[in-house]
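Quick notes on the structure that follows.
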Amino acid sequence: MDKQGIIESSRKRREGERIFYTSCPANGCWDSACVLKCHEKDGKIIAIEPDDSVNPNDSREDCGWENTWKGNVQMRPCAMGHSWKKELHAETRLLHPMKRVGEKGPGRGYFVQITWEEALDTIAEKMIEIKEKYGPYGIFHSQYPSFEKNGFPLAPWWEAGFGAWGEHSTSGHAAGEMLHLGVDLTKVTRGLQNSMPGFEAPDFFNSKLFVMWGMDPVVAWFGPTSYYMQLAHEYGLKTIVIDPRYTQSAEILADQWIPIRPGTDLAMMLAVAQVLFEEDLVDHAFVDEWVDKEGFEEWRAYVMGEGEDGIKKTPEWAAPITAVPAETIREFARLYGTEKPVHLQYFYSCAKRHMGDYSASASMLLQAMTGNIACHGGCESGACLPTPGRVPAPRADWHRDPGDYQVPVLFNNNCLTEILARQDDYWSGKITESEFRHLIGSPNNDCPLPNIQMIIFENNYGNNHSNVNKRFAGMANTEFNWGFQWHMNQPTAELCDIILPAPVWQFEGMDEYMYGHQRFVSGPNGMRNYFTFCARGLDFPGEVRSKEWVWTEIAKRLGDEVVEGYNPRMKDVAVEDWVDAQEAIYKEAFEKWADNATIMAYLGFDHRPTWEEFNAHPVIRTEIDEPYYPFKSALDRGESPFNTPTKKIEFSSNFVKTHDMTESRWRGRIDPMPVWSPSYVEGDIGSASNDGFYNPKVKDYPLSLVTPVSVYRQHSSNDNNPYMREDVYRHAVWISGVDAKARGIKDGDLCRVYSDRGETMLTAYVTNRCMPGTAAVHHGGWYQTGGEASEMNVFGQDMRGTPNILLDDGHLPHILGALIIAGLVQVEKVADGDAEGFGGEAERGGARGAMVAVACRDRLAKKDGARDAAAVAMEAAENGSDPACAVENA
Ligand SMILES: Nc1nc2c(c(=O)[nH]1)N[C@H]1C(S)=C(S)[C@@H](COP(=O)(O)OP(=O)(O)OC[C@H]3O[C@@H](n4cnc5c(=O)[nH]c(N)nc54)[C@H](O)[C@@H]3O)O[C@H]1N2
Ligand SMILES: Nc1nc2c(c(=O)[nH]1)N[C@H]1C(S)=C(S)[C@@H](COP(=O)(O)OP(=O)(O)OC[C@H]3O[C@@H](n4cnc5c(=O)[nH]c(N)nc54)[C@H](O)[C@@H]3O)O[C@H]1N2
Ligand code: SF4
Ligand SMILES: [Mo]
């Protein structure tokens, strides 16, 4: 086709289209809140374009220094953002309420379609029954039970449900932040901390050195902050990556990559501190003003070998532990100690492993030693990224009464698997109350204990935490579970008695994002100078309905006071008028906001915008005059932002020194200072130090596995999206050239990856981007199985690759309640990638993964011959032939 032909056909395709704007945060990219310009035609999204809400005629790169500095840049989506249409219109999309026939768990039952009426009546009946039988703590709602809250939308009026402390992302950092800096993440998220510890993206232009220590922002923080990192690097910001993998960030941003053995970062940090002391590269002015003297001296003595262990933590000491040459450590320390300011971030995942909370603490202490923790161009290296918001957004008012019931905090968010595994033992008297409290991270000895018999799922919670076999067994063992899912074959659907089809909120209908998070979506951490209104999108497909309608209908069945509390304004709205009614309430909020002349003037409007204008351009920005840096607001007020007992940064925590930490919510041993202790003590640490090179298990499982987030998924969302799974990406086990050779593995070979917790089948990606002795499987692969149980595989072998099936969920004295995302594994070749039929190429295209998914859906939906299809596929894959062909031929 000639140029004119292409233009014509493209014009034709778009005739009669409607354009609307939305965003796509789903906790998968730290709510990067990119702006998506959607083209809709005939009820489908036909294209998604990037943000043009600012500098529409310039590219992001050409909008000028002034605009860039002030944060006036386009919020452009990543590949996932562009590919949502495949997720929305997928053939596996769940379109009707479904009821399970048979027991819960993969291979144990299947689903049949039911009416909404039957679904809602059954759910409400079961909720009432379980609350009566087990009390208010028998029901667990899975959406973000973190930060001492719970997303259960009916809790305040129905008076049931409970929350948790800790959280999956940040728990490895939270203890150190609280104990050494006096920063309480729970308070930060509620705006109760006296100063925000985050920073704004343009502050990267103030940094001289950027250390991405176990951080891969090009993947994990794709939004504007990562764009500013790239710009700053182009303008000369020296950048170093310390990571066992040669990451995309290393490739795109780094001047130097320092590979390090996973889990040994603390040793390198101590050696860096040793050089800083030895060569007097400490920022004395900062330390004198803000650091507790006593603790600092204890730390100095420990690092310099004047403490009890008598070991000087030199680079030569750290080199054999970390596999980083002593010279590299020394040169790094010198650069780190002399360049100023330094942005050093030690990221979430590294801390979610054995000793991880100690290395997280040590990274904060390094930033304090060098005076880089609270200044322009520096950062906290903690988990806390929030900054004060800059732009006032409207707020829809649903006239909800706050209710009397506050969900009690009963456990550590990351101990759910353990609760489910051990609650029967506790309630039947096999273990003591004290044992149970210790196992589940009970926050104090007086709070009630859970007996979970109903789980309400609104995510992929079965799949996304460690020890999938144990987790599935516990989750399948409750009386009744139900939940919302996007796809029929979502692993968590296997754990439900009823599944309800969920809208993809940002494109369909007008629901909130998460409960309490409205459609006015604020910019992400690093860039809170704008918000996007997610305008009304598509009509719901199939029988999908608003989740808020579902909750309202359930509330009605639970009693008048529940529905009066939850949704007084909408309770009598008919289902067909529902989205219009929601939209009217958003419009009302907008009108009130637009009537506020002060806000309009502040935001630079020269007239009062109309609802139509706002929907056509729903991205509202302010300019960043001076970028925020950590703790700026308290420092500006002349207050200490550090809420420790001494109001200073405590290198050695006075709280720890004066409390019995085994009876604290962490319920574990902790030293006042981060100290290196690699020892594996049987009985003390138990099997849980599954990721440590010092664990005797290393002889059977010699590879240290990391499970980073993937650029192709928001956690597990998009694993089903053919654009993301088949076209561009091979979900594989990364293994280094030497480790592959020793096992006779070639790139593309089918492998069994296993640990003492479970196994999964993956092809090998043989690459020297992964250092020897380590392996990597990206997080978010779906647990999909034919359902043939064996001793190793409680519900059947995983054919698709969730790394969580390989990981232990046990907690350690030195991992204070974080989710565990690392472990020890072995990799073994099963079939040749070049073999006739089963091809590395076929797998590279994800054909087997996609096929297993469809077979799984068909089995669950009990399509004719479906059980056979799954079995055929599994068999074919195991025999080394192409499962997709095998099924087609069957
Ligand atoms: N091994 C390993 N495990 C990890 C991690 C790791 O790095 N490694 N990371 C951990 C971290 S930090 C996190 S935050 C968790 C995340 O774990 P989850 O919160 O479980 O994350 P998602 O997979 O994104 O869940 C989204 C899915 O929920 C379902 N869903 C139901 N209702 C809704 C709805 O209203 N909206 C949306 N968007 N989805 C809905 C959809 O089917 C969707 O696909 O995973 C943790 N697990
Ligand atoms: N595209 C995308 N982005 C996401 C998400 C997503 O699902 N998809 N999830 C979001 C969420 S909720 C969260 S919590 C964050 C998580 O964000 P991160 O914690 O930054 O994520 P990871 O990719 O798991 O880990 C970062 C790097 O640490 C390295 N690493 C692992 N173990 C060690 C170690 O012991 N030492 C060192 N030095 N490095 C180590 C890994 O190789 C990886 O490159 O990501 C967010 N961003
Ligand atoms: S998934 Fe991609 S497009 Fe969507 S908000 Fe995150 S970074 Fe932006
Ligand atoms: Mo997270």
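No value in this document is a laboratory result; all are computed from the given coordinates. Remember, predicted model here, so these are calculated numbers, not experimental data. Cβ atoms come from the backbone with ideal geometry, glycine included; neighbour counts cover every protein chain shown.
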ask   = GluC sites (Glu not before Pro), restricted to the range 144-239: which are DSSP loop and have at most 16 other Cβ atoms within 10 Å?
value = Glu159
The range 632-648 and the range 48-76: distance between their alpha carbon centers, rounded to Å = 36 Å
task = Return P(r) of the range 426-471 (all Cα-Cα pairs; 5 Å bins starting at 0; whole %; ordered from short to long distances).
result = 5, 16, 19, 21, 21, 14, 3
request  = Label the range 329-402 by shape, choosing from rounded, prolate and oblate, from the square roots a ≥ b ≥ c of the eigenvalues of the Cα gyration tensor; if a/c is under 1.5 it is rounded, and otherwise prolate applies when a/b is larger than b/c, oblate when it is not.
outcome  = oblate
task = For the chain, just say rounded, prolate or oblate: build the C-alpha gyration tensor, square-root its eigenvalues into a ≥ b ≥ c, call rounded for a/c under 1.5, and beyond that prolate if a/b exceeds b/c, oblate if not.
result = rounded
message = Checking a compactness column here: for the range 690-837, what do you get for Rg(Cα) / (2.2 N^0.38 Å), N being the number of residues?
response = 1.02
message = Just to check, using Stokes-Einstein with a Kirkwood Rh over alpha carbon pairs, what's the diffusion coefficient of the range 368-490 at 10 °C and 1.306 mPa s in µm²/s?
response = 85 µm²/s
task = Take the alpha carbon atoms of the range 575-620, find their center, do the same for the range 434-478, and report the distance between the two centers in whole angstrom.
result = 42 Å
task = Give me the percent of DSSP beta bridges within the chain that run antiparallel, rounded to the nearest 5.
result = 55 percent
Separation of the Asn57 and His517 label points, Cα + 7 Å toward Cβ, nm = 3.7 nm
query = Once Rh is set to the Kirkwood radius over Cα pairs, what Stokes-Einstein translational diffusion coefficient, in µm²/s, holds for the range 151-307 at a temperature of 25 °C and a viscosity of 0.890 mPa s?
reply = 129 µm²/s
query = Tally Lys and Arg at +1 and Asp and Glu at -1 over the other residues with C-beta under 9 Å from the C-beta of Val766: what net charge comes out?
reply = -1
Prolate/oblate/rounded call for the range 61-195, Cα gyration tensor, a/c under 1.5 rounded = oblate
request  = Take the Cα radius of gyration of the range 24-86 and divide it by 2.2 N^0.38 Å, with N its residue count; two decimals is plenty.
outcome  = 1.24
